[in-house]
Structures are given as C-alpha cells and as structure tokens.
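Novice: Can you keep this structure in mind? I'll have questions shortly.
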Amino acid sequence: MTAISYPLAERTLANGLRVIVSEDHTVPNVAVNLWVGVGSRHETPGRTGFAHLFEHLMFQGSRNVASGEHFSALMDEGARLNATTWFDRTNYFETVPTGALELALWLEADRHGHLLDAVTQENLDNQRDVVKEEKRQRYDNVPYGSALIDIYATVFPEDHPYHHPTIGSMEDLDAATLEDVHAFYRAHYGPNNTVLSLVGDVTPEEGFAAAERYFGGLPAIELDSRPRHDQLPPLDGPLRVDRLGEVPNDRLYIAFRLPVDTTPDYLACQVAVDVLGGLASSRLMRRLVRTDETAVAVGGWTMGLVDGVGLGTITVDVSAGADVDAVEAAVCDEIERFVSGGPDAAELESVIADTERSWLSALASIEERADHISHHAMLTGDPGYVNTFVNRIRAVTAEQARAAAARWLDPGSRAVVRYLAADGGDQTDPEEVA
C-alpha cells in the first residue's frame, strides 16, 4: 500500500469554525482555503442562482473593505486568488506569501462576518448584470454550452436539489429583492457553516491563533436543518433530449445516476467509467476512434456528489457522416461487454495508476491540497481522506468494478443528451427511448 501522510491538525473554534492546518515549509507561501456549506442545492424554487451571486458579491466590499479591494490588496502582496460555486459549496481561496497570511485572514473574516454593510441595491444590480453576462459567455453563446444543464435536468428529478444548475435562473435573479439577498446571506454565511484550511508555511499553533484572532468574534448562525436525500436508484428507463443547432459536430452525452461520493460503489463506478472512456487507451477510444473511425474523440468522467446521488457521463464527438444512432448503440454494446466481463488486469492497473498519478500531482500543490482538505472536511467529514484515497482506489477489484457497472451503468438506465449539427427545432423535454 502507498503511504501518504500529510500532517493534519484540526481545531473547532467556539463559534463553530472548523480550522485545519497542514504544515509544509517547502516554500514560503500559505494556501488559505475556505469552504462555505452553501451551493445551488441549498436554494429554493424561485430563488435559484443566489449562491453563485454571492460568490460575486463577496468581492464587492464589506464593512472595512472597499469594492474590489480584496483583490487589489492581496495581489499587491503577490497573491493568487479566486472563488467558485458548485452544487454543494462555495469556496474562496488565495495563495499568499507567508507574511501576507494575516492580511488574507482579516479580509476573509471581514466579508464573512460583515458583508451586508456593502450589499446595496446598486451592488446587487451590478452583479446581477455580471452573472447574466457570464451565462451568455459560458452557456448561451458557445457550442454545447448548455449540455450540463440538460444533463442535470434529465438525470435528476425535478424536485431534487441537483436538478437546476449553479448559474441559476436569470428570471429568479431579476425577481430577487435586496431583502431576499440579505436573508440568504444571513442563513448560510456563518463560521459554523465554514471550513478554513491553511496549508503551507505555517505551524498549527500559528494557524489556530490567527484564525481565532480574526474569526473568533464572528457569531454562529442557525444552520440549515434539511436532511440529505436518500440514495436515488438508477433511472427506470432510458431518456433522451435532442438539441438541434449550430455545433461543430454531433456530440453524445450518455449519463447515469451513481452512488454518492467516496463510497466503495462510487469508486468502483469511477474505475469502470475510466476503463470505458476516461483514458487515452479506453475501450471506446480504441473501438470508435481508432478502429471504426466513427468518432473523433471520446471521454468519460464521474462527479462525486453527496446529496443522494452521483453522476457518471460518457461523451462522444461523432465523426462527420457517421450514424449517431449507430455510435450510441456501439457505446451501449461496450458497456454491456464490460458488465459481462469487467476490466482485464491491464485495464485495471492502467486506470488505478493514472488515478494515483493525478491525485499525487494534485496534492503536491499546496493550493489543491488545501482544496481537497476543505472539500472532505465539509462534505464527508473526513479531511484525512487526502491521505487514504490512493489506498481506497487501489483496493477496487475487477469484480467490484464489474458489479458496480451492472448496478449503475446499465444502458437501460441511461440519459442521453445529443447535440446534433442540423437545422431544426429544439426538443427540450426528455423522452423515453428504446
């Protein structure tokens, strides 16, 4: 077994802030990483897009920080920083020279505790427009831009919190009042709903003291008490959404419900999807691209989620002139072959070695290590997962991968989103397919 032993020291402040320090004096930098337990799955009907909106508003000033000053103050110190929003969380992160750590924590604490002083009607209107432009650039005006939106809406039930995308509804954002936005912040942004990870040139004692100094005075909030959903079963029949329009080539997205993140079955599904489409030497690459020449590219990926379901997807860029239905049938055939026989020894070894390489490469960066620590502290309760993942993935056997595929990757439980390079209308509602 591979031994990974990044040091992890943890303390929870009196107000509930969970602080994790991973000491590493390789370079004189510290990665400051905060995960807040609010993402698009915490939104309610008619109020979508709020979590992502706050990712933007958090850079527009707070009680003691002017609009834009969070970026400028840290970049003047040589820092790198940004933020992202997802289904399950919003994260804020910066990598700073050691001497700028206290500045970073002061800035983060000011906006995590005192943002609403700066959330005015003017700032709200401005950032609504920014989000709309982001949607145009990332979703509306690029080929295949709405594919993930279509996949989520098809794979996850309408009443499930993963059904709608993080970008949210522009109509909901337009309808949001200033009080709506303030109430969302007060419900989710508090120290007891946040994990702070510090990785790099800082000792646990220094990190805990600094966290207490800047965050210790922030009040706890009343936490969202909604329980997570039970595990969703596979789809009870194939579904399809076709999009007809101006795209470079036909593309297939074949998606499946998976188990929740970090479970043995999820990891086994991850191995199965990688064998089928996730590697340069995958089965679908060999068959569709190199042998049949009916595709120019294939891919496969899994998405680890925590609220009752995960997601696995195989993508195929179809060659010009190839029959899309025949390509989809070939993908289903390869999945059925995998379900029958599982991976061979070489395939299993290749996938696990590639996964291990990717994981170790990520952890070598203090930024990515901090993000993984925060991720697992917030969503699975186990920051030590960074040290145990490689052994977990290495423990997956060929039979476990085959059995997981039989349970979760049955072609009869697939959701198919097809982007077709043709003139015509838009079919937006999922339909059952044979």
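Novice: Rank these residues by their accessible area, most exposed first, probe 1.4 Å: 307, 333.
Specialist: Putting 307, 333 in descending order of accessible area: 333, 307.
Novice: Considering amide H positions built from the backbone, and no H for Pro or chain starts, which residues 5 or more places from residue 305, or on another chain, come under 5 Å of its amide H?
Specialist: Long-range HN contacts for residue 305: 261, 311.
Novice: Follow-up question, since we're still on this one. Run the simple label-point estimate for residue 421 and residue 3 please: 7 Å along Cα→C-beta, distance reported in nm.
Specialist: 5.4
Novice: Between 0 and 90 degrees, rounded to the nearest ten: what's the tilt of helix 324-341 against the longest Cα principal axis of the chain?
Specialist: 80
Novice: Give a quick list of GluC sites (Glu not before Pro) in region 64-166 that DSSP marks as loop, anything other than H, G, I, E or B, with at most 11 other Cβ atoms within 10 Å.
Specialist: 158
Novice: What are the chymotrypsin sites (Phe, Trp or Tyr not before Pro) within region 68-98 that DSSP puts in a loop, where the Cβ has at most 11 other Cβ atoms within 10 Å?
Specialist: Here no loop site has a sparse enough neighbourhood.
Novice: Let me ask something else. Nearest 10 degrees, 0 to 90: what angle lies between the long axis of helix 264-273 and the longest principal axis of the chain (Cα atoms)?
Specialist: 60
Novice: How far is helix 204-215 tilted off the main Cα axis of the chain, in degrees rounded to 10, range 0 to 90?
Specialist: Once rounded, one gets 70 degrees.
Novice: Here is a further query. Do any GluC sites (Glu not before Pro) in region 292-348 lie in a DSSP loop with no more than 12 other beta carbon atoms within 10 Å, and if so, which?
Specialist: Hits after loop and neighbour filter: 293.
Novice: For region 34-86, what relative contact order do you get, as a whole percent, if you take Cα pairs closer than 8 Å and at least 6 residues apart?
Specialist: After rounding, I find 32 percent.
Novice: Pop out the carbon and sulfur fraction of the accessible area of region 34-134 as a percent, whole number, probe 1.4 Å.
Specialist: About 49 percent, which is the carbon plus sulfur part of the accessible surface.
Novice: I've got another one for you. What is the sum of charges, Lys and Arg at +1 and Asp and Glu at -1, for the other residues whose Cβ falls under 10 Å from the Cβ of residue 324?
Specialist: Once positives and negatives cancel, what remains is -3.
Novice: Tell me the per residue accessible area of region 162-320 using a 1.4 Å probe; a whole number in Å² is fine.
Specialist: Each residue of region 162-320 exposes 38 Å² on average to a 1.4 Å probe.
Novice: Rounded to the nearest 10 Å², what accessible area does residue 361 show when all protein chains are kept and the probe is 1.4 Å?
Specialist: 70
The values are calculated or read from the model by the stated rules, or taken from the named source; none is laboratory data. All values reported here derive from a predicted model rather than from experimental measurement. No Cβ is skipped: glycine too gets one built from the backbone with ideal geometry, and neighbour counts run over all protein chains shown. With ligands, DNA and RNA removed, areas are computed over all heavy atoms of the protein, side chains included. Shrake-Rupley method; radii C 1.70, N 1.55, O 1.52, S 1.80 Å.
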